[in-house]
1. From the list GLN288, GLN299, exactly one residue is in contact with a strand residue (DSSP E or B) (Cβ under 9 Å, 6 or more places away or on another chain) and surrounded by fewer than 17 Cβ atoms within 10 Å (Cβ to Cβ). Which is it?
2. Checking the conditions here, which among LEU386, LEU369 is under 14 Å from ASP112 (Cα atoms) and of a type in the set (A, V, I, L, M)?
3. Examine segment 365-375 for a residue that is crowded, with 16+ Cβ neighbours inside 10 Å and of a type in the set (Ser, Thr, Tyr), and state whether such a residue exists.
4. Select, from GLU144, GLU68, the only residue that is surrounded by fewer than 16 Cβ atoms within 10 Å (Cβ to Cβ), acidic (Asp, Glu) and either modelled with pLDDT under 95 or within 25 Å of PRO377 (Cβ to Cβ) (or both).
5. Within segment 195-212, count every residue that is farther than 13 Å from ARG114 by Cβ and either touching a residue at least 24 places away in the same chain (Cβ under 8 Å) or crowded, with 21+ Cβ neighbours inside 10 Å (or both).
6. So, VAL338, is that one without any contact (Cβ under 8 Å) to a residue 12 or more places away in the chain and touching a helix residue (DSSP H, G or I) at 6+ places or on another chain (Cβ under 7 Å) or not?
7. Looking at ALA176, ALA158, ALA232 in this structure, which one is of a type in the set (A, V, I, L, M), under 16 Å from SER322 (Cβ atoms) and crowded, with 21+ Cβ neighbours inside 10 Å?
8. Restricting attention to segment 182-200, report how many residues are farther than 27 Å from SER300 by Cα and of a type outside the set (A, V, I, L, M, F, W, C).
Amino acid sequence: MSRTRPPVLLSHVSLRAIAITGLMLAALAPGLVGCTEAGDGQIRRGRSSAKVNPAVAARQKAERAQAEAERQTGSLLEKSRAVFTTNLPTRSDTATPASAEQIALGRMLFYDQRLSKGQDLSCNSCHDLSAYGIDVREPEGHREVSKGHRGVLGTRNAPSVYNAGLHFRLLWDGRAENLAHQARMPILNPEEMAMPSEEVVLEVLASIPGYARAFRAAFPEDPEPVNVDNMAAALAGFEAGLVTPSRFDYFLSGQRDALTEQEQRGLATFIRVGCTTCHMGPTVGGNQYQKLGLVKTYQSKDKGRFEVTGAVADTYIFKVPSLRNVAETAPYLHDGSVGTLDEMVALMGEYQLDISMSPEEIVDIVAFLESLTGLLPSEYIQPPRLPPSSRQTPKPDNS
């Protein structure tokens, strides 16, 4: 016989507790609706949880993206300073600056065609200062190699004179030690300005009264100031001021927005793939020798520094060019055989780094290289009024 369980009697206190508990569950219900129990015992919120304001979410996402971009830019700036060290100085002769009189004399000499045998060529002919210091005399574009006396073709592309005073050596094979050493070379080179001797150069200069005065003012302590050494020093003093800072220098100085997003991406790629093995320092190159065809043979008739030293180890060794203003100084390489910058970047990847860069990487690197284009010192390079010849000044010689 079964026993009937007596009914449970609830006191008014118990009933009140139940009522309070119900109210509390009702208050928590909106947060629990749609919650499901995950397999690992954790509570996973469903779609009915409280929604975040879309505008707030978008703002927070943008702030996170900006913070990450600033972090990456800061890291890139730190890497860049380690590789390129510093921005360009205002002149390359800051340790022993030329005087104003020496600079003025050098400017006149740079533009004077009377320093050539046919009196039709000046330094500016092959290094046009209004065109980033290269030869632009061809109607259809820049010259692969320059024409000298009587139209004789040279064998190498004329490098830019801008920022050259900051290079460790000058010319493609590095045979010139500095600006003053290089300055006298083209004047006496039979394939360039073709003056037959230093004596003839001095005969021309001494025959022009205005130059006699300018040399005395520039070198007041020299009893015979009109000489070839002073001529070269004056030219070097003028060329030392041919410096072209660009937006890249502002970036190195800490102005993070000086380069666009694409230019920064190109700079990061430039560093990552190894371009900075050769192109480093403030001039982004110009401070070491390197073999053309380092990892893959590059066909060239020109043997580079071998023609200076005769050492087999110097075969196909050239001075690494600076990439300052490189977007304005086509064509490229020692023989001017490469016409475009994107082609040059791809070739360097293949022959110097043993990599095949993607089209996107090349486009980004080219964008960075374009940021190296500086402002020309327009006032500094204005062609001066040259002193007139006298009756004693030799006539042009086209022989």
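The values are calculated or read from the model by the stated rules, or taken from the named source; none is laboratory data. These numbers come from a predicted model, not from an experiment. Reconstructed Cβ throughout: ideal geometry from the backbone, glycine too, with neighbour counts over all protein chains shown.
1. Residue meeting the stated conditions: GLN288.
2. LEU386
3. Yes, that holds for at least one residue.
4. GLU68
5. Qualifying residue count, segment 195-212: 3.
6. Yes, satisfied.
7. ALA158
8. 5
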